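Novice: Input: one structure, supplied below.
The values are calculated or read from the model by the stated rules, or taken from the named source; none is laboratory data. Fair warning: this is a prediction, and the values are worked out from it, not measured in the lab. Neighbour counts are summed over all protein chains in view; Cβ atoms, including those assigned to glycine, are modelled from backbone coordinates with ideal geometry.
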Amino acid sequence: MARNAEKAMTTLARFRAAQVAEGKVRERRPYLASECDDLHKAEKWRRQIIGEVSRKVAQIQNAGLGEFKIRDLNDEINKLLREKSHWEVRIVELGGPDYSKIGPKMLDHEGKEVPGNRGYKYFGAARDLPGVRELFEQEPPPPPRKTRGELMKNIDADYYGYRDEDDGVLVPLELDYEKKLIAERVAEWKEQKEATMTGDGANKEDDEEEDIYAVPPESDSEDEEKDRVNTDEGQPRYVAHVPVPSQKEVEEALLRRKKMELLGKYASESLIQQSDEAKTLMGL
């Protein structure tokens, strides 16, 4: 305890206590904005942060600082900007103006808004660091599409090929090529004709098409017709004649069928049985 008392009575300790009493010692900024309850002090700390940001932004413009120093400065600037936003929120809570709405945007030395990604901004030489420039390279805009009127502006008869024959060059070329093709086709036809004419007679007979409309000669009996053999092809062919009823027979069969349907519908079983017995007795 004696040692602490001696320290408190040193000249330096007494001098600092006097400065604090007179208000000449610079007061430290609170670590959290919520610890400040005075609106004027909150605005003072905000202005102090803006001054620190301005000094660091001026320093980061020097590209000769090195990559690591530039990255550290850029991180410190972003940290100060986040702290400034906290103080602006605290100022609104204490009844002060909303600087986030009325305050100017963060601009670079060219007057453009500072580019960033997800809230993290890059200042000065930090935008030229490896891997950073690629983040902000924008694809070139697509060329403007022409309207239909602009497309039709330069279309004339030459576009559709209406004047291709006026130069006197295309027509003779087409005629020469047409004559060449005709001569080739005629030569091919003559070769095929000669090959056909020089073929064997047996081959000609084989090549003849069978007459599908030929009628075979009539036979005397049905057995002879069934036993007929096609000697041209060497395979047997049987023909079976099916008797085809005449028109009168068809009508009688339909009439009998209709009568049976009516009898089955309106007559009783005993009447049908008597009718069958009567037909049997009459031999029908």
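Novice: From the list Asp227, Asp200, Asp223, Asp207, which one is modelled with pLDDT under 80, surrounded by 10 or more Cβ atoms within 10 Å (Cβ to Cβ) and either touching a helix residue (DSSP H, G or I) at 6+ places or on another chain (Cβ under 9 Å) or of a type outside the set (S, T, N, Q) (or both)? Working first, answer last.
Specialist: Working: Asp200 fails: surrounded by 10 or more Cβ atoms within 10 Å (Cβ to Cβ); Asp223 fails: surrounded by 10 or more Cβ atoms within 10 Å (Cβ to Cβ); Asp207 fails: surrounded by 10 or more Cβ atoms within 10 Å (Cβ to Cβ).
On inspection, the qualifying residue turns out to be Asp227.
Novice: Identify the single condition in (1) within 51 Å of the chain's Cα centre (by Cα); (2) in contact (Cβ under 8 Å) with a residue 24 or more places away in the chain that Asp72 does not satisfy, given that it satisfies every other one.
Specialist: Among (1) within 51 Å of the chain's Cα centre (by Cα); (2) in contact (Cβ under 8 Å) with a residue 24 or more places away in the chain, the lone unmet condition for Asp72 is (2).
Novice: Follow-up. Given the condition within 36 Å of the chain's Cα centre (by Cα), at pLDDT 85 or above and not β-branched (Val, Ile, Thr), answer yes or no: does some residue in segment 130-140 qualify? Give the derivation first.
Specialist: We begin by selecting, within segment 130-140, every residue within 36 Å of the chain's Cα centre (by Cα); these are 130-140.
From the residues that got through so far, the ones that are at pLDDT 85 or above too are none.
So far as segment 130-140 goes, no, none of its residues is within 36 Å of the chain's Cα centre (by Cα), at pLDDT 85 or above and not β-branched (Val, Ile, Thr).
For every residue, the table says whether it meets (1) part of a helix (DSSP H, G or I); (2) small (Gly, Ala, Ser); (3) at pLDDT below 90.
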residue	(1), (2), (3)
Lys41	yes, no, yes
Lys44	yes, no, yes
Val57	yes, no, yes
Gly64	yes, yes, yes
Asp75	yes, no, no
Lys79	yes, no, no
His86	yes, no, no
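Novice: Could you give every pair whose Cβ atoms fall below 9 Å, whose first residue belongs to segment 26-41 and is touching a residue at least 24 places away in the same chain (Cβ under 8 Å) and within 19 Å of Arg82 (Cα to Cα), and whose second residue is surrounded by 10 or more Cβ atoms within 10 Å (Cβ to Cβ) and aromatic (Phe, Trp, Tyr), counting only separations of at least 6 or pairs across chains?
Specialist: As it stands, the answer is Ala33/Trp45; Ala33/Trp87; Cys36/Trp45; Cys36/Trp87, since those pairs meet every condition given.
Novice: Still on this structure, please answer the following. Give the residues of segment 58-69 that are surrounded by 13 or more Cβ atoms within 10 Å (Cβ to Cβ) and more than 46 Å from the chain's Cα centre (by Cα), sorted by residue number.
Specialist: Scanning segment 58-69 gives Gln59, Asn62, Leu65, Lys69.
Novice: Now for a separate question. Within segment 123-144, can you find the residues that are aromatic (Phe, Trp, Tyr) and without any contact (Cβ under 8 Å) to a residue 60 or more places away in the chain?
Specialist: Once the filter is applied, which keeps residues that are aromatic (Phe, Trp, Tyr) and without any contact (Cβ under 8 Å) to a residue 60 or more places away in the chain, segment 123-144 yields only Phe136.
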